[in-house]
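One structure is given below, encoded as structure tokens.
The values are calculated or read from the model by the stated rules, or taken from the named source; none is laboratory data. Quantities reported herein were computed from a predicted structural model and do not represent experimental measurements. Cβ sites come from the backbone with ideal geometry, for glycine too, and all protein chains shown count toward neighbours. These area figures cover heavy atoms from the full protein model, side chains too; ligands, DNA and RNA do not enter into them. Shrake-Rupley method; radii C 1.70, N 1.55, O 1.52, S 1.80 Å.
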Amino acid sequence: MKVDLKTFENISRPMYVMEEARLRNNLRLIAQVASEADVEIILAFKAFALWKTFPIFREYISATTASSLFEARLAKEEFGAPAHTYSPAYTDDEIDQIVACSSHLTFNSLSQYARYYNKVKGRASIGLRVNPEYSEVGTDLYNPCAPGTRFGVNADDLPAQLPEGIEGFHCHCHCESGADVLERTLVHVEDNFSKWFNQLKWLNLGGGHLMTRKGYDVQLLIRILKGLHQRYPWLKIILEPGSAFAWETGPLVSQVADIVEDHGIRTAIMNVSFTCHMPDCLEMPYHPAVRGAETVEDSSCVNLQTPHLYRLGGNSCLSGDFMGFWKFDHELEVGENVIFEDMLHYTTVKTNMFNGISHPAIALARLDGNLEILRAYCYEDYKKRMD
């Protein structure tokens, strides 16, 4: 069916809708950066793993990054290329399968390297995650360099001669960051680790490079990466963003199920859930943009008498499954659409079926305006999780 991408008025059930046109815009920009800066930019499945869209991705990129056995299998079996794999800890029962699906495999610690080096040797390019001990990520939940981190090896713990077979360093310390953050971060990476670069073949700068966000300084990013090449021309530079690929590529369309009021607070209960279907909103936390509504960021000083003011609540039994407030331009009615913007990255990969709540379908709005349902969920999907 044809879909109106402004109102989605002919959609009457919860649905994530990816817009192919927006996805291709992001992919073209990412491919441009990779070409001009002479780097490889690959898709991180931890942010987006909708494999039925992989044929589109393959027109622009040639590899992906995985953090688990299932992601590595998805890379090889559905994307069609072995993964650049990193895991905080590999296990005896999975390591052989992971290696079989990987072109690159990064160890998180020297002890993991010692345990599994002989299983990886000659089968994948081996890397080591390092900790630059610097990050500008403000939320501890997302900060991989916070004191006491379980990620990566500090420079003080590395021998002058790297262990046999290590060909690359991997570092990750960004989260939806700008190019200026990368510029400042590289100072610490080079200060701490450049003395080992002549022993390496590649350097993976991880994810969090939100180059498709409006206002991101793409030209600065390209200059930074070109400068890195000039200083270390033998190193292949790899970036593995996740959010940048799916950034602002489509919303979660939901409907108002009921409107309740307590102590002057009106809550529109949706047929979707923050904790089940938009978990990052509660984890970060952040208020998602709602189409046609004004976000009220500071709830502590809100005037409850403001016309058309609503808190939005999910339909799970978790008491805290709500956010607020938004100011609409009309009184909400049961059954009308409420559209949560930019809900493709870190949603479909993190959703859950807590409470057995009906799961939103996933759809792709094609270039010609036709809506293709990629996945619809039913009771059997919930039941089989416990099978």
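Some observations on this one:
- Whether segment 42-110 is rounded, prolate or oblate, judged on the alpha carbon gyration tensor where a/c under 1.5 counts as rounded: prolate
- For the chain, the fraction of alpha-carbon pairs lying more than 31 Å apart is 42 percent, rounded to a whole number.
- Placing unit charges on the Cβ atoms of the charged side chains and taking the dipole of the chain about its Cα centre, the candidate lying farthest along the positive direction among 146, 351, 108 is 108.
- Normalising the average separation of contacting C-alpha pairs (under 8 angstrom, six or more residues apart) by the number of residues puts the relative contact order of segment 155-312 at 18 percent.
- The chain - percent of accessible surface contributed by carbon and sulfur, probe 1.4 Å: 49
- Normalised by the number of residues in the chain, the average gap of Cα pairs under 8 Å and 6 or more apart makes the relative contact order 21 percent.
- In the chain, helical runs assigned H by DSSP with n ≥ 4 each contribute -39500 (n - 2.57); averaged across all residues and rounded to the nearest 500, the mean residue ellipticity at 222 nm is -6500 deg cm²/dmol.
- Over the chain, accessible surface divided per residue gives 45 Å², non-protein components excluded, 1.4 Å probe.
- Angle in degrees between helix 110-120 and the longest Cα principal axis of the chain, rounded to the nearest 10: 80
- This model, with +1 at the C-beta of Lys and Arg and -1 at the C-beta of Asp and Glu, gives the chain a dipole about its Cα centre of some 1140 debye.
- For segment 296-375, the relative contact order comes to 21 percent (Cα pairs under 8 Å, sequence separation of at least 6).
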